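K.L.:
Just dropping this structure here.
The values are calculated or read from the model by the stated rules, or taken from the named source; none is laboratory data. Because the structure is predicted, anything quoted here is derived from the model rather than measured. FYI the Cβ positions are ideal-geometry reconstructions off the backbone, even for glycines, and counts take in every protein chain you see.
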Amino acid sequence: METEPLGGLLAAGQIPLLMAGAALVIALITLAMISGARRRHEQRLDALRERADTLWREVDDLRVAQFNHGPETASNGGAHPLHQAHYRTEMDAYGKIWPQVWHLHERLGLFLRAVESGEAAGELRLEARNAALEARNLLNRNRPFCHEAVDELVTRLIDTEIKAHLAACQYLDLLKDVNSASSSHDRRVLQDKCHTLHEGEARDHMNRLVSAIRQRAIRQS
């Protein structure tokens, strides 16, 4: 009968091999999904980095143009020197805040990917935390020189990244606590929260921040 070879196969102790093969296939699929997600994240990060680089090149060009044409502009009734000083102070503040905000976004992204893939994340966890603290300190020191719209966006961005960091830390704590009654559903909820905060809300704040700084640079110039 046709069922005899199958029965013989199972009787011969092949079930463990079949289970191992299935586990291997699942592991390969999981790795492929993680690799694809990481590749998409890096592509979006590169696009955002390109926008940021373009922004600061435009700001530098405006500064150079103002320096080269400053005396001529003043003699023709252009911007008042006090206005120019205010502009330079505001742009200098953004020049200090933006690199740290970008550093925070990158460090937190590395930490979240390490958590998702099950890699050692202790050092990245500390780096992301320190990056958030430094970003907050820089904003507080330069807040008087920032436009209120930019100030609000930077504040929201930092708060969102901190929330994502706390959610990831909570996820790690659940993994460590063997006596915890948490389920895989609870951990999945935290993973989804991290993804939504970092990849969704924080990225949206980053894009809006780039646009806001560009508008301030062009409008005030």
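K.L.:
With respect to residue 131, is the statement that it is assigned to a helix (DSSP H, G or I), crowded, with 21+ Cβ neighbours inside 10 Å and in contact with a helix residue (DSSP H, G or I) (Cβ under 8 Å, 6 or more places away or on another chain) true? Working first, answer last.
P.N.:
Values: assigned to a helix (DSSP H, G or I): yes; crowded, with 21+ Cβ neighbours inside 10 Å: yes; in contact with a helix residue (DSSP H, G or I) (Cβ under 8 Å, 6 or more places away or on another chain): yes.
In short, yes.
K.L.:
Which number in (1) surrounded by fewer than 16 Cβ atoms within 10 Å (Cβ to Cβ); (2) under 30 Å from residue 176 (Cα atoms); (3) at pLDDT 95 or above; (4) over 15 Å from the mean Cα position of the chain (by Cα) marks the one condition that residue 141 misses?
P.N.:
(2)
K.L.:
Still on this structure: Just one of 103, 165 is under 26 Å from residue 218 (Cα atoms) and either in a helix (DSSP H, G or I) or under 18 Å from the mean Cα position of the chain (by Cα) (or both); which is it? Explain how you work it out, then say what you get.
P.N.:
Values: 165 fails: under 26 Å from residue 218 (Cα atoms).
Exactly one residue qualifies, and that residue is 103.
K.L.:
Within segment 182-221, can you find the residues that are over 27 Å from residue 170 (Cβ atoms), surrounded by fewer than 16 Cβ atoms within 10 Å (Cβ to Cβ) and of a type in the set (Gly, Ala, Ser)?
P.N.:
Residue satisfying the conditions is 211 alone.
K.L.:
Can you tell which of 219, 214 is touching a helix residue (DSSP H, G or I) at 6+ places or on another chain (Cβ under 7 Å) and closer than 30 Å to residue 81 by Cα? Quick ask: steps written out before the conclusion?
P.N.:
On the way: 219 fails: touching a helix residue (DSSP H, G or I) at 6+ places or on another chain (Cβ under 7 Å).
Unique residue meeting the criteria: 214.
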